[in-house]
1. Restricting the range 118-137 to residues that are in a helix (DSSP H, G or I) and polar (S, T, N, Q), which is surrounded by the most Cβ atoms within 10 Å (Cβ to Cβ)?
2. What about Leu83, is it modelled with pLDDT of 70 or more and in contact with a helix residue (DSSP H, G or I) (Cβ under 8 Å, 6 or more places away or on another chain)?
3. Going through the range 17-43 one residue at a time, which ones are modelled with pLDDT of 70 or more and over 30 Å from Ile148 (Cα atoms)?
Amino acid sequence: MITGSIVGLKISSIIFSTMFFYSLYRSLGYEKQFKREISIDEKEKIKVLQLALLVYFGGFMETVSGFGVPAAVIGPLILSTGLGSFNAVLYSLLGHGWAVPFASLGVPTIALYEIAPTDIVPLVTYSQFLISISLTISAIYIGFKVNIPLRKLIVILLPSLTIIYTLMFSASLATPLLVGLISFI
């Protein structure tokens, strides 16, 4: 019961800090600024959707299903947007590659923890660090390939990268399953 209460307090602190920073974000006027920055024309909306499909949906599919499913599912979706077959293969593999350590709801990381004589916290921390690097590089590369301006690319990537970096620095609260569930955000 005490252990459950401690875990509940840790989770509550995450929720409280999220609500606090969201309130601060709104009160400082960043929400309106974000809406102005993200307001884009139809052509750029398609590019943003392509980026979301290529990077984030690929990571989500890898996290939930694993086993290379994103490459098989997202490749044809990318091809249907008119990016070409080579780009469809390249982008679908880049999109799902960053989430591999937490694929299938964290099974690779949990399996490594069970066979390696190490603590789970450093293992998750290092995995999150590597994911953050590969996610950032993949998203920026694909963003430039679909010609999204750097300023708008940063606005698009900032929320998800903030979540991943926050999890990385609070790894004692994170488990492979938790990171696997939310790594697609």
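1. As a first pass, look at the range 118-137 and keep what is in a helix (DSSP H, G or I): 120-137.
Still in the list and also polar (S, T, N, Q): 125, 127-128, 132, 134, 136.
On the way: Thr125: 18, Ser127: 23, Gln128: 26, Ser132: 17, Ser134: 17, Thr136: 17.
For the range 118-137, the residue satisfying everything is Gln128.
2. Details: modelled with pLDDT of 70 or more: yes; in contact with a helix residue (DSSP H, G or I) (Cβ under 8 Å, 6 or more places away or on another chain): yes.
So Leu83 fits the description; yes.
3. Within the range 17-43, Met19, Phe20 meet the criteria.
The values are calculated or read from the model by the stated rules, or taken from the named source; none is laboratory data. No experiment lies behind these values; they were computed from the predicted model shown. Counting neighbours? That spans all protein chains shown, and the Cβs are built from the backbone with ideal geometry, glycine included.
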